[in-house]
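> Before I ask anything, let me first share the structure, which is written out below as structure tokens.
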Amino acid sequence: MMQPWNLTWQLALRFRGRRERSGFISFISASSTLGIALGCMVFIAGLSVMNGFEKVLQERFLSLIPHVEYTAVNQQLKSPDDILAVSRAHPAVRYANEVIRTQAMVQQGAQFTGVQVHAIDTSQTQAIVDYVAADAWQALQKTSGGVVLGHQLAQKLKLTPGDKLMLLVAQNANFKEPKRVRLEVVGTFNFGGQVDHQYAYVNLATGRDLVGLEQGATAIELYLHDVMQAQQVANEVGYRIQDYVYIDHWMRSQGHLYRDIQLVRFVMYLVLILVLAVACFNIVSTLIMTVQEKQRHIGILRTMGLRAQQIMRVFIWQGLQNGLVGVAFGVLAGVALTLALPNLMAALQWLTGSSLLASDVYFINQIPVDLQIWNVVMVAAIAVIMSVLATIYPAWRAAKTEIVRAISG
């Protein structure tokens, strides 16, 4: 004997068959399925791009930007070793280094170019080492008065390794009587974005000479295992510091990038709901027209012993079948589009001859994607749930059909 759920499923398949429906109802049904498929496909691809940007932000951009930074209020930290010890003892801190940061200008004849000079401890782990050639890094460690410039900055200044440059460093926070220091370019780094246009790196000894310190540093920078803990770690370590310092973290200085990504993600969720709502409205339309068209069939099924709940289940299954077909095609198309998106964008750039993401502005030169399985499951689940919700009213209408009127009509 056929199980009740199997019977209602088979009836739903029969009602959904092309031969059992008019051409107009078939068109509306196909439109709802296509709408669900397109919604799922676009949303999976869009979420993957947002995940890609977030991953690039965390793994690339924030590899060079300090996650947490403590800067001396009075130009020099009194006890940088104590701050380093407290910072490195925190379980969330990956590594911590002392650093000297200062604003300077490169003089070339009558022209001046502003740069941000970062003096780093080259004996410790440094993120910039991944973007500098090995010989340039070794030269920076050994050369007194050596400097590594951003690639775009070096091109702008027309400097190559081995050239000399005149650096003007502000004294007492102004350039009225700047300190003039002659440095040798030992190499360049290629990170991308505005960093390449503005940053210059020297070793700690050279940095102390620039700002007039005999020892110590002006700031301590921390890099964390989880960048999202920056504010919490900044406060926890900051409470244990005896020095007077300014406390800063990336979420305050660069957090707008992360908030922009989250805003776009929220908008995409809203768009998904709206697109699926339109597609599911077509499911409602399809089922209402099917109920009207199948009045006689419904009456006959009721006289044969099919209960009202089973009639309702037939039309719920029918709407769900449309949703499942749309979700299946949408998920497959979304995954395929996501995997092919970098190549498609590269081909589009080649055809148009213009770059969608200029590396000298955005620090990346191609669309990043990060396909996550839970995003696919979430999109599919939302689409299926909305498909089921769309069937409730038409199915209820079918269950309330009066048997005598349906048969006699």
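The values are calculated or read from the model by the stated rules, or taken from the named source; none is laboratory data. Treat the numbers as computed from the prediction; the structure is a model and nothing was measured. Note that each Cβ is placed from the backbone with ideal geometry, even for glycine, and that neighbours are counted across all protein chains shown. Side chains included, ligands, DNA and RNA excluded: accessible areas come from the protein's heavy atoms. Shrake-Rupley method; radii C 1.70, N 1.55, O 1.52, S 1.80 Å.
> Quick check on packing: order 185-192, 261-268 by the mean number of other C-beta atoms within 10 Å, highest mean leading. Don't skip to the answer; put the middle values down first.
Numbers: 185-192: 22.1, 261-268: 13.5.
My ranking of the peptides, most packed first, is 185-192, 261-268.
> Mind checking which lysines have their C-alpha under 17 Å from Lys179, skipping anything on the same chain fewer than 8 residues away?
Straight-line reach from Lys179, under 17 Å: Lys164.
> Could you put Tyr201, Tyr393 in order of accessible surface area, largest first, with the 1.4 Å probe and the full protein assembly present?
Tyr393, Tyr201
> Compute the Cα gyration tensor for region 118-257, then decide on rounded, prolate or oblate, letting a ≥ b ≥ c be the square roots of its eigenvalues: rounded whenever a/c is under 1.5, prolate when a/b is larger than b/c in the other cases, and oblate in all that remain.
Judged from the Cα gyration tensor, region 118-257 comes out prolate (a/c at least 1.5, a/b above b/c).
> Can you pull out the trypsin sites (Lys or Arg not before Pro) in region 163-221 whose DSSP state is coil and whose Cβ has at most 11 other Cβ atoms within 10 Å? Don't jump to the answer; show the numbers that get you there.
On the way: sites: Lys164, Lys176, Lys179, Arg180, Arg182, Arg208; in loops: none.
The qualifying sites: there are none.
> What share of all Cα pairs of region 238-293, in percent, falls into each consecutive 10 Å distance bin?
With 10 Å bins starting at 0, P(r) equals 18, 20, 18, 15, 12, 9, 6, 3, 0.
> Determine the relative contact order of region 149-237: mean sequence separation of Cα pairs under 8 Å and six or more apart, normalised by residue count, in whole percent. Write down the numbers at each step before the final one.
Working: 88 pairs, mean separation 26.2, N = 89.
Worked out over region 149-237, it gives 29 percent.
> Right, something else. For a quick protection proxy, order the peptides 278-287, 92-101 by their average other-Cβ count within 10 Å, most packed first.
278-287, 92-101
> Rounded to two decimals, what ratio of Rg to Rh does region 41-120 give with C-alpha atoms and a Kirkwood Rh?
1.16
> Something else about it: Could you sort Leu257, Leu204 by accessible area so the largest value comes first, with the probe set to 1.4 Å?
Heavy-atom accessible area, descending, gives Leu257, Leu204.
> Where does each of 77-85, 216-224 land if you order them by average Cβ count within 10 Å, highest first? It would help to have the intermediate numbers written out before the result.
On the way: 77-85: 17.6, 216-224: 23.2.
The densest-packed peptide leads the list: 216-224, 77-85.
> Placing one identical point scatterer on every Cα of region 136-175 and ignoring solvent, what is log10 I(q)/I(0) from the Debye formula at q = 0.14 Å⁻¹?
One equal scatterer on each Cα of region 136-175 leads to -0.41.
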